[in-house]
1. Suppose we filter region 281-293 for residues that are open to solvent by 90 Å² or more (accessible area, probe 1.4 Å) and at pLDDT below 75; how many remain?
2. Search region 72-109 for residues being over 19 Å from the mean Cα position of the chain (by Cα), surrounded by 15 or more Cβ atoms within 10 Å (Cβ to Cβ) and part of a loop (DSSP other than H, G, I, E, B), and hand back the single one that is modelled with the highest pLDDT.
3. Looking at (1) among the aliphatic types (A, V, I, L, M); (2) modelled with pLDDT of 80 or more; (3) buried (at least 18 other Cβ atoms within 10 Å of the Cβ), which one does residue 112 not meet, given that it meets all the others?
4. So which residues in region 195-223 are loosely packed, with under 14 Cβ neighbours inside 10 Å, over 17 Å from residue 151 (Cα atoms) and not aliphatic (A, V, I, L, M)?
5. For residue 167, only one of the following conditions fails: (1) assigned by the TED database to the domain that holds residue 203; (2) out of contact with any Pro (no Cβ under 8 Å at 6 or more places or on another chain). What is its number?
6. Quick one: how many residues across region 134-160 are among the hydrophobic types (A, V, I, L, M, F, W, C) and surrounded by fewer than 20 Cβ atoms within 10 Å (Cβ to Cβ)?
Amino acid sequence: MTSATQRPDPPYRRIVAEFRTRILDGDLRPGDRVPSIRQIARRWGVAVATATKVVAALRDEGLVEAKVGAGTVVSARAIRKERPAGAPKGSLNRGHLLRAAIAIADAEGLGAVSMRRLAAELGAGPMSLYRHVTGKDELVTQMADEVFGEVELPVPGPEGWRAKLELIARRQWELSRRHLWLPRAVSFTRPLLAPNMMAHTEWTLRALDGLGLPVETRIREALTLPALVHTVALAMAEEAEAEQETGVTLDGWRLLQRRRADELLSTGRFPLLATLPQETVSDLDGLFDYILARHLDGVAVMLSRNAPR
């Protein structure tokens, strides 16, 4: 077939190629915001559905990612649409499998991870993956355990129970910010028997050792602390998903809601709500700091009541 008879690329592919070139050439750097779906539609004169395909394709390639409060930005991690470096055909192992699955989940969410999608990413047959995991449930468990292994827990850690609990909570918060899908992969009623996650629980129990607390209280604290982290992290993940699906950032959504909010608050029915700065409501880092501090205050009160007089 000659070039004269070849079909031209669809419009969205040409736009993707333009973004790809700008990103790889360094014109757009990691963290730089890329146009929203509606901005792409206006700038290139295409339909919103076409602009949506552009953003989806860029996410598929690992070139962009959703960031809470900033919209879609250039990603610092490129997802290679090929077999991992140093992994010739037939040498697929558990590490390759997990890295590819984590990359997909980071870019598109846990729902995008499937055995068929992984096989396509790795250039392998779908059935070959079952030599390493029995199915998606086990895959997700191993993915979560793999990312928990990214956290280094110092031994013995900082001085004092409060400093130790704050350290592990903040390490888990940072982990949830890097992997927005993680809270959905962890169960507290059916805990996963995964070594790296169990190490976090063991470290927390050790932080409470010697305080005179019954073992039931210690294990409940070891479950409550990460539950607090994951509760706020779920809100962060849901916001990222909303931005991906709608192309509207949190700031943009607020602007759309401004008129209705002003109407409600101007009635005088909600005088206290009317005084709240909007940035306080959407500051998830600040919310996490507040929840963590108040929780640890409560633990301190409990310990003071149990202390010998």
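The values are calculated or read from the model by the stated rules, or taken from the named source; none is laboratory data. Predicted model, so just to flag it, every value in this text is computed and none were measured. Ideal geometry is used to build each Cβ from the backbone, glycine not excepted, and the neighbour counts take in all protein chains shown. All accessible areas refer to the heavy atoms of the entire protein, side chains included, with ligands and DNA or RNA removed. Shrake-Rupley method; radii C 1.70, N 1.55, O 1.52, S 1.80 Å.
1. Step one: filter region 281-293 for residues open to solvent by 90 Å² or more (accessible area, probe 1.4 Å), giving 281, 290.
Subset that is at pLDDT below 75: 281.
Of the residues in that region, 1 qualify.
2. 92
3. Among (1) among the aliphatic types (A, V, I, L, M); (2) modelled with pLDDT of 80 or more; (3) buried (at least 18 other Cβ atoms within 10 Å of the Cβ), the lone unmet condition for residue 112 is (3).
4. Within region 195-223, 209, 210, 212, 214, 216, 220 qualify.
5. Of the numbered conditions (1) assigned by the TED database to the domain that holds residue 203; (2) out of contact with any Pro (no Cβ under 8 Å at 6 or more places or on another chain), the odd one out for residue 167 is (2).
6. Taking region 134-160 as the starting set, the residues that turn out to be among the hydrophobic types (A, V, I, L, M, F, W, C) are 139-140, 143-144, 147-148, 151, 153, 155.
Then keep just the ones that are surrounded by fewer than 20 Cβ atoms within 10 Å (Cβ to Cβ); that gives 151, 153, 155.
Residues that pass the stated criteria total 3.
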